[in-house]
Amino acid sequence: MRLPGLPFRHHGGHGYTVRRHSVPVRIMHWINVLCLGVLLLSGLQIFNAHPALYWGEASHFDSPLLAMGARYAPKDGLRGITRIAGHEFDTTGFLGASAGAGGRLEPRGFPSWLTLPGPRWLAMGRRWHFFFAWLFVINGLAYLAYAAYSRHLVRDLMPTRADLRAIGRSIVDHALLRHARGAEAMRYNVLQKLAYLGVVFVLLPLMVLMGLALSPRMDSVLGWLLALVDGRQSARTLHFLIAMVLVAFTLVHVFEVIVTGPWNNLRSMITGRYRIEEPEENDNARP
């Protein structure tokens, strides 16, 4: 398959430049980066107002699924304690108790450097969270409309039968940090396709729905969803857990960007230009 591009020579090898991402995709990508970053940090600000998670409708303070708090020890002073399913861990300095103004430990779920817009500003944190949540939803709907119109969804993201048959090999290649080269680097592999489809059509919609379900004003519309997940506290827990899964997905995504060529990948998402290099033996195959 030949890809349109500008031929060039670089470090003794032959290559060519192609347009990898269209302008709408690039714009919506960076809007998503902004929205998800602010949503995460403002969400942790909101979480800090009551750093605990429960399952069901009520907050059972004696048996949370997850709780972050501080405890004073006579010998050690203030200690941060994180409790997960009844098991306690000392997380002083990060969770439960972290440095505040002046460097002294203060009781706090997540540290202040991970929260927006300030260390203890719940009302403004909620405003930031809601504003960027709606911007994120609008941007997501625009992306789906564009993906359907441009056939990006079917052409680039839907795995073929051949893709699914090769899933085992793709897992091994990723584990060994073997990545596609040449023209193959232009195509998403089966793990990328499945991951993007799972994020776009499962995780993100579910996170938005769980966030909406947290508002009592939505009970008349989403009451069925609260009943399905067993209550508002369950919706809050799922909202938090999905956010953590998205953080993990983002970290893996950034890692892959780095190991496959950070400048080339970043440039393709800023200017759209992506450089493909091919070994010398492929010279005769190029026009």
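The values are calculated or read from the model by the stated rules, or taken from the named source; none is laboratory data. These numbers were taken from a predicted model, which means no experiment stands behind them. Cβ atoms come from the backbone with ideal geometry, glycine included; neighbour counts cover every protein chain shown.
Here is the figure for the stretch 100-109: residues that are in a strand (DSSP E or B) and either of a type in the set (K, R) or exposed (fewer than 15 other Cβ atoms within 10 Å of the Cβ) (or both) total 1.
Applying the condition of being crowded, with 16+ Cβ neighbours inside 10 Å and hydroxyl-bearing (S, T, Y) to the stretch 213-262 and asking which residue is nearest to Y196 (Cα to Cα) yields T237.
Taking Y16 as the residue in question, decide whether it is crowded, with 19+ Cβ neighbours inside 10 Å and more than 28 Å from the chain's Cα centre (by Cα). When the stated conditions are applied, Y16 passes them.
Yes or no: A97 within 29 Å of C35 (Cα to Cα) and either assigned by TED's automatic domain parsing to the domain that holds N48 or assigned to a helix (DSSP H, G or I) (or both)?
No: the conditions fail for A97.
Among the residues of the stretch 72-87, how many are free of Cβ contacts under 8 Å to residues at least 24 places away in the same chain, assigned to a strand (DSSP E or B) and either in contact with a helix residue (DSSP H, G or I) (Cβ under 7 Å, 6 or more places away or on another chain) or within 23 Å of R104 (Cβ to Cβ) (or both)? Within the stretch 72-87, residues that are free of Cβ contacts under 8 Å to residues at least 24 places away in the same chain, assigned to a strand (DSSP E or B) and either in contact with a helix residue (DSSP H, G or I) (Cβ under 7 Å, 6 or more places away or on another chain) or within 23 Å of R104 (Cβ to Cβ) (or both) number 5. The selection criterion, being β-branched (V, I, T), surrounded by 12 or more Cβ atoms within 10 Å (Cβ to Cβ) and either without any contact (Cβ under 8 Å) to a residue 60 or more places away in the chain or in the same structural domain as R19 (by TED's automatic domain parsing) (or both), holds for V208.
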